[in-house]
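What follows is calculated from the coordinates using simple rules that are stated; it is not laboratory data. Bear in mind the structure is a predicted one, so any value in this text is a computation, not a measurement. For neighbour counting, all protein chains shown are included, and Cβ atoms are generated from backbone atoms with ideal geometry for every residue, glycine included.
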Amino acid sequence: MPYTLCVNSLPPFLLVTPPILWDFAIAILLALFCSITIVTLIWIRRNHSSSIIASILIGCVGFLGCVGFLLIIYGSFIEPQRITVTERDIRLPLKQPLRIVVLSDFHVGPYKGKRFLERTVEKANTLFPDVILLAGDFLYDDDSSLSALAPLARLRATLGTFAVLGNHDTGHMLTLLNTPRRTDDRTDTIAAVLEDMDISVLQNTSRTISLGAERLAIAGLTELWAGTDNIEAVLKGIPPRTATILLSHNPDIALNLKSHQAHLITSGHTHGGQIRLPWIGAIPRIPTRLGKQYDQGLFRIDDDSTLAITRGLGESFPRARLFAPPEILLLKSEVRLD
């Protein structure tokens with residue numbers, strides 16, 4: 001069942017917080033943790049005769065202040081610029097190997113710009129992909145400039161580059177209070193820009209690629225939150241026993257059993273939680289119905305179907321990533337002899 005989102009009537013200050021406020025919050029936190037560290041160091045220097053227990057407690061507070069300061073610096077300004085490559089092996093019913101690069105959640109705008117996309121494209125091309133899949137959320141908000149997407153024209157894949165749009169592109173968003181918010185639907189303009197770059201935008205359609213005597217079908221859905229997706233129509237036109245990849249921005253499509261006709265489902269949307277802690281995982285709520293455990297990585301959903309979720313490249317809400325660096329996902333299919 002598709003999502004139904006409606007315009008809410010919350011006051012503007014409860015909607016998506018402007019990036020400048022996130023920068024202000026970061027500055028406040030940095031000042032707070034720095035002050036805590038300095039105050040504790042001064043206290044320790046001036047109170048040599050204090051009890052050991054008091055000194056240890058104050059020392060721990062100072063240590064936590066220092067760690068907090070460094071984590072905010074790292075998570076706000078260093079990790080979001082680290083482009084990592086994650087390589088995973090998959091199985092497709094093909095007798096030849098295939099290299100698939102998945103890129104998602106660019107969110108160009110206040111946090112990510114043209115230079116970051118140039119670095120991403122350069123790194124993706126060095127992986128020599130056969131197919132590149134772009135899983136949506138190209139823009140951050142209404143103020144994002146389409147010109148920042150220009151580097152995507154330099155993506156190179158031997159069999160082509162294919163894209164779907166995400167909820168930010170179609171104007172279906174959530175607020176900090178997890179309530180729906182509608183913004184401009186820029187579907188047509190984004191699709192036109194991508195098509196001009198020789199990127200095939202799949203909107204409830206599929207493309208079939210010849211691989212010698214074999215064929216590979218790549219199907220793409222419109223954004224689930226927009227409620228216009230039609231998986232039955234997309235898969236109906238694909239011949240039986242054809243290796244099939246389904247591209248959907250939102251991994252919740254895996255809840256629709258018809259999606260399991262695809263051998264590989266590729267998605268983004270989750271950002272891997274964007275803020276993670278060791279042994280705990282994602283801290284923010286994952287905006288899907290699949291559950292927190294489906295935040296990033298590969299998941300076997302039946303004997304012949306795999307769900308691949310990339311944590312993407314950009315950020316939404318805070319200018320921060322922690323233990324979830326921007327990701328280029330490289331999927332390498334094994335040669336299937338049977």
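Using Cβ contacts closer than 10 Å as the measure, can you line up VAL108, VAL234 from fewest to most?
Ranking VAL108, VAL234 by Cβ neighbours within 10 Å, fewest first, gives VAL108, VAL234.
Modelling each spin label as a point 7 Å along the Cα-to-Cβ direction, I'd like the LYS292/ASN204 distance in nm, to one decimal.
Taking the simple label geometry, LYS292 and ASN204 are separated by 3.6 nm.
Tell me the net charge near LEU21. Cut-off is 15 Å between Cβ atoms, LEU21 excluded, with +1 for each Lys or Arg and -1 for each Asp or Glu.
That sum, taken over residues with Cβ under 15 Å, equals -3.
Tell me, Kirkwood radius of the stretch 89-148 from alpha-carbon pair distances, in Å?
13.1 Å
Taking 0.36 nm per residue of separation and subtracting the Cα-Cα distance, what length does fully extending LYS114 through ASP185 add?
Fully extending the segment from LYS114 to ASP185 adds 23.4 nm.
Residue separation times 0.36 nm, minus the C-alpha to C-alpha distance between LEU255 and GLU195: what's the value?
18.6 nm
Sort the following peptides by mean Cβ neighbour count (other Cβ atoms within 10 Å, averaged over residues), highest first: 239-246, 67-74.
Ranked from most to least packed, the peptides come out as 239-246, 67-74.
Among ILE38, ILE209, ILE283, determine the one that fluctuates most according to a GNM of the chain built with springs between C-alpha atoms less than 10 Å apart.
Between ILE38, ILE209, ILE283, it is ILE38 that shows the largest mean-square fluctuation.
If you restrict to DSSP beta bridges whose two residues both lie in the stretch 142-272, what percentage is antiparallel, to the nearest 5?
50 percent
Å³ per residue of the Cα convex hull, for the stretch 13-79?
Spelled out: Cα convex hull of the stretch 13-79, divided by residues, is 99 Å³.
Using the number of other C-beta atoms within 10 angstrom as an exposure proxy, rank PHE33, PHE138, PHE317 with the fewest first.
Listed from fewest to most nearby Cβ atoms, that is PHE317, PHE33, PHE138.
Taking every DSSP beta bridge that has both residues in the chain, what percent is antiparallel when rounded to the nearest 5?
Just about 40 percent of them are antiparallel.
As I understand it, the dipole of the chain uses +1 on the Cβ of Lys and Arg and -1 on the Cβ of Asp and Glu, about the Cα centre. Which of LEU202, PHE24, ALA153 lies farthest toward its positive end?
PHE24
Of ILE36, ILE100, ILE301, which is the most mobile in a GNM of the chain whose springs link Cα atoms less than 10 angstrom apart?
ILE36
ALA282: net charge of surrounding residues, Cβ under 13 Å, Lys/Arg +1, Asp/Glu -1, itself excluded?
Residues close to ALA282 contribute a combined charge of +4.
What number, rounded to the nearest 500 deg cm²/dmol, is the helix-based mean residue ellipticity at 222 nm of the chain, given -39500 (n - 2.57) per DSSP H run of at least four residues and division by all its residues?
-8000 deg cm²/dmol
Quick one, which of (1) 41, 22, 19; (2) 35, 23, 16; (3) 32, 23, 19 is the actual semi-axes √(5λ) of the Cα gyration tensor in Å calculated for this model?
Recomputing semi-axes √(5λ) of the Cα gyration tensor in Å here picks out (1).
Express as a percent, rounded to the nearest 5, the fraction of DSSP beta bridges in the stretch 213-338 (both residues included) that run antiparallel.
Taking every DSSP beta bridge within the stretch 213-338, about 35 percent pair in antiparallel fashion.
Excluding THR158 itself, what net charge comes from residues whose Cβ is under 10 Å from its Cβ, given Lys and Arg +1 and Asp and Glu -1?
Surrounding charge for THR158 is +1.
Mean Kyte-Doolittle of at least 1.6 plus a Cα span of 15 Å or more along the axis: flag which DSSP H helices in the chain meet both, please.
19-46, 52-73
Across the stretch 231-236, in residue order, what do the Karplus-derived ³J(HN,Hα) couplings come to in whole Hz, using 6.51 cos²θ - 1.76 cosθ + 1.60 with θ = phi - 60° and x for Gly and Pro?
Ordered by residue, 3J(HN,Hα) equals 5, 4, 5, 5, 7, 4 Hz.
Please work out how much length the chain gains when fully extended from GLU214 to THR158, using 0.36 nm per residue of separation minus the C-alpha to C-alpha distance, in nm with one decimal.
18.6 nm
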